[in-house]
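Remarks on the structure that follows.
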Amino acid sequence: IFHHEYRSLESKLRAQGSPEETGSTRTGEILYLVLPLLLVYISNQWSRYSISYLVDFSSTDGALNSYQAMNVDLQFDQSQYGLLASTAFTILFALSSLLAGSLADKYDRKLLTMGSCGVWTMATLAQSQANTFNDVLVARII
């Protein structure tokens, strides 16, 4: 099956012409495909690690106010932060990767990518509006 797909792809590439003939078009197509994915990746990484910039456990005398640190506002401790920053994300990522691989084999990957970005955006917005530790935890798991 793979050999047949490879030959089919090879014949399509030959039909497109030499790279010199289609260089600027191919570059535009590559940017059109890769740039949105790159922006989603950058945004994903920023959102994933933003929680580490929003907490501060350095002050034990209560000098921080709720505008300076998320953990003060939502009243969670270092062990709960560890759950938010690592365990909640890792468990979901591992399980959803298995599901996403199966879905990508069966359905349109473009629609799956757009749907995933939509769900992820809603979860990020929910996290920003959270009023309790549990709200943040649920949004991070989604």
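Key figures
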item: Label-point separation, Q129 to D108 (7 Å along Cα→Cβ), nm; result: 2.9
item: Stretchable slack from V119 to Q45, in nm (0.36 nm times residue separation minus alpha-carbon distance); result: 25.1 nm
item: Förster radius 35 Å - calculated FRET efficiency between S79 and T27 (Cβ-Cβ, nearest 0.05); result: 0.10
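A short reminder: the numbers here are calculations on the coordinates, not readings from a lab. Keep in mind that what you see is a predicted model, and the values were worked out from it rather than measured. Glycine also receives a Cβ, built like all others from the backbone with ideal geometry; neighbour counts cover every protein chain displayed.
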